[in-house]
């Protein structure tokens with residue numbers, strides 16, 4: 001069993017807000033709901049117009065009004081922060097990218113938008129997995145959250161009940177996203193990132209970090225338990241599949257793609273995935 005007190009957690013977040021939120025209680029993975037929203041999204045209309053139409057059309061069937069608002073709020077937080085992201089995700093759903101790749105892409109954006117979800121994986125689970133500790137207990141997560149709360153990293157004080165609910169929410173979310181396995185006894189799933197998802201993510205990261213060398217060592221790969229060697233293997237595989245061009249010579253790397261925008265690249269990835277199937 002993992003022992004979080006024995007792990008030295010380096011606190012890093014991908015977002016500007018360094019305080020942890022308990023929003024995961026209301027969120028979860030929401031994979032099915034997210035795909036429903038993306039399938040009905042009209043990229044020619046504004047965000048507000050899309051959200052208003054989705055509310056009026058009752059896209060979620062029997063969900064209560066408050067539940068619909070929770071889903072839309074989380075959807076906005078995770079996927080509507082960059083116009084090119086929503087356009088690319090809509091294209092991936094429209095072009096029927098295989099679920100095993102699409103789900104990993106949704107997980108990537110969900111983790112990037114939530115510092116707590118991000119850090120639990122990148123700063124806690126990743127070191128455990130690297131050391132061969134794959135069994136995870138809800139008590140471990142509660143103790144970890146209690147430590148972080150005691151360090152003032154949470155928004156407000158969390159009661160024992162809130163900490164318990166957040167821990168349960170994290171475990172179920174990570175299970176649904178495929179990071180963890182097991183209905184009752186959770187364990188870290190084997191590292192797995194389909195090549196289409198890898199290519200999407202590295203294209204996205206390159207727009208924010210143009211250095212090829214830094215891309216290979218980017219901290220976001222810890223979300224998938226990938227070290228430098230695994231990232232390089234995926235780059236060479238993608239190069240062989242003509243999904244990108246990657247050349248490395250010493251400290252010099254060159255990385256290019258057969259598309260200029262994330263949306264266009266999403267079309268390329270979906271098309272190649274169908275050709276390979």
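The values are calculated or read from the model by the stated rules, or taken from the named source; none is laboratory data. A quick note: this is a predicted structure, and the numbers were derived from the prediction, not measured. Cβ atoms come from the backbone with ideal geometry, glycine included; neighbour counts cover every protein chain shown.
Odds and ends about this structure:
- Residue, farthest from the chain's Cα centre (by Cα), within region 230-259, restricted to residues that are closer than 17 Å to residue 211 by Cα and in a loop (DSSP other than H, G, I, E, B): 250
- Unique match (being modelled with pLDDT of 95 or more and assigned by TED's automatic domain parsing to the domain that holds residue 170) among 42, 140, 103, 119: 119
- When residues of region 149-161 are limited to those that are touching a helix residue (DSSP H, G or I) at 6+ places or on another chain (Cβ under 8 Å) and buried (at least 16 other Cβ atoms within 10 Å of the Cβ), the one nearest to residue 116 (Cα to Cα): 154
- The residue that is modelled with the lowest pLDDT, among those in region 3-34 that are within 17 Å of residue 77 (Cβ to Cβ) and in a helix (DSSP H, G or I), is 27.
- Residue 102 assigned to a helix (DSSP H, G or I), closer than 27 Å to residue 186 by Cα and over 14 Å from the mean Cα position of the chain (by Cα): no
- Within region 244-271, residues that are touching a residue at least 40 places away in the same chain (Cβ under 8 Å) reach partners that are assigned to a strand (DSSP E or B) and surrounded by fewer than 20 Cβ atoms within 10 Å (Cβ to Cβ) with beta carbons closer than 6 Å, at six or more positions or on different chains, in the pairs 254/247.
- Hey, residue 182 closer than 18 Å to residue 141 by Cβ, modelled with pLDDT of 95 or more and in contact with a helix residue (DSSP H, G or I) (Cβ under 8 Å, 6 or more places away or on another chain) or not: no
- Only one of the numbered conditions (1) at pLDDT below 95; (2) in a helix (DSSP H, G or I) is violated by residue 61, and that is (2).
- Top-ranked residue in region 194-229 [being surrounded by fewer than 16 Cβ atoms within 10 Å (Cβ to Cβ) and not in a loop (DSSP other than H, G, I, E, B); ranked as modelled with the lowest pLDDT]: 213
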